[in-house]
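This report refers to the structure that appears directly beneath it.
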């Protein structure tokens, strides 16, 4: 009986983590899209949602590092500071996504050579969150997770 309970708890934890990974990734994408659109207000709301979902997520290997980066991003109070903090969150999110087989779609890890910064995207097309419309297509795909 104890083994059965242990197996059930492990399966539940694993499926909850899988759901958390997808939720975190989708919340991250909302932040990225707001930065692409140069919308600081929407970005602030998306950042807060991302930060709260991360805080309430079950523990995982990268959580502490990602949480530190997300706290810095959450404290950024304008578009320039949000963009400056976004790379740290992006590199930590890539570690999480790359190591997970629970993200339900292809993820592109993209790179801006002008900022020397990364971001994740669901789309192959480059939409740079660090410059918005002024250099929207600046960048390249560094890696792909299928």
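The values are calculated or read from the model by the stated rules, or taken from the named source; none is laboratory data. Please read these numbers as outputs of a predicted model, since none were measured by experiment. No Cβ is skipped: glycine too gets one built from the backbone with ideal geometry, and neighbour counts run over all protein chains shown.
Among the residues in the stretch 1-23, are any surrounded by 20 or more Cβ atoms within 10 Å (Cβ to Cβ), in a helix (DSSP H, G or I) and at pLDDT below 95? Let's see the steps before the verdict.
Restricting attention to the stretch 1-23, the residues satisfying the condition of being surrounded by 20 or more Cβ atoms within 10 Å (Cβ to Cβ) are 20-21.
Adding the requirement that they be in a helix (DSSP H, G or I) leaves 20-21.
Cutting the leftovers down to at pLDDT below 95 gives us 20-21.
Yes, the stretch 1-23 contains at least one residue that is surrounded by 20 or more Cβ atoms within 10 Å (Cβ to Cβ), in a helix (DSSP H, G or I) and at pLDDT below 95.
Kindly indicate whether residue 87 is part of a loop (DSSP other than H, G, I, E, B), at pLDDT 95 or above and surrounded by 17 or more Cβ atoms within 10 Å (Cβ to Cβ).
Numbers: part of a loop (DSSP other than H, G, I, E, B): no; at pLDDT 95 or above: yes; surrounded by 17 or more Cβ atoms within 10 Å (Cβ to Cβ): yes.
No: the conditions fail for residue 87.
Quickly run through the stretch 64-84 and pick out the residues that are crowded, with 18+ Cβ neighbours inside 10 Å and outside any loop (DSSP other than H, G, I, E, B).
So the first thing to find is which residues in the stretch 64-84 are crowded, with 18+ Cβ neighbours inside 10 Å, and the list is 66, 69-70, 73-74, 76, 82-83.
Passing the criteria: 66, 69, 70, 73, 74, 82, 83.
Can you tell me how many residues in the stretch 113-124 are exposed (fewer than 12 other Cβ atoms within 10 Å of the Cβ) and within 18 Å of residue 29 (Cβ to Cβ)?
Residues meeting the conditions: 2.
So which residues in the stretch 90-118 are over 21 Å from residue 49 (Cβ atoms) and assigned to a loop (DSSP other than H, G, I, E, B), if there are any at all?
99, 101, 106, 113, 114, 115, 116 - these are the residues of the stretch 90-118 that are over 21 Å from residue 49 (Cβ atoms) and assigned to a loop (DSSP other than H, G, I, E, B).
Just to check your reading of the model, which residue among 104, 56, 40 is under 22 Å from residue 20 (Cα atoms) and in contact (Cβ under 8 Å) with a residue 12 or more places away in the chain? Step through it out loud before you land on a result.
Details: 56 fails: in contact (Cβ under 8 Å) with a residue 12 or more places away in the chain; 40 fails: under 22 Å from residue 20 (Cα atoms).
Just a single option satisfies the conditions, and that option is 104.
Does the stretch 36-51 contain at least one residue that is in a loop (DSSP other than H, G, I, E, B) and over 23 Å from residue 125 (Cβ atoms)?
First pass over the stretch 36-51, keeping only residues in a loop (DSSP other than H, G, I, E, B): 37-39.
Narrowing the set further to residues that are over 23 Å from residue 125 (Cβ atoms) leaves none.
No, the conditions are met nowhere in the stretch 36-51.
Within the stretch 127-140, work out how many residues are modelled with pLDDT of 95 or more and either on the phi > 0 side of the Ramachandran plot or within 16 Å of the chain's Cα centre (by Cα) (or both).
Residues flagged as modelled with pLDDT of 95 or more and either on the phi > 0 side of the Ramachandran plot or within 16 Å of the chain's Cα centre (by Cα) (or both) within the stretch 127-140 amount to 5.
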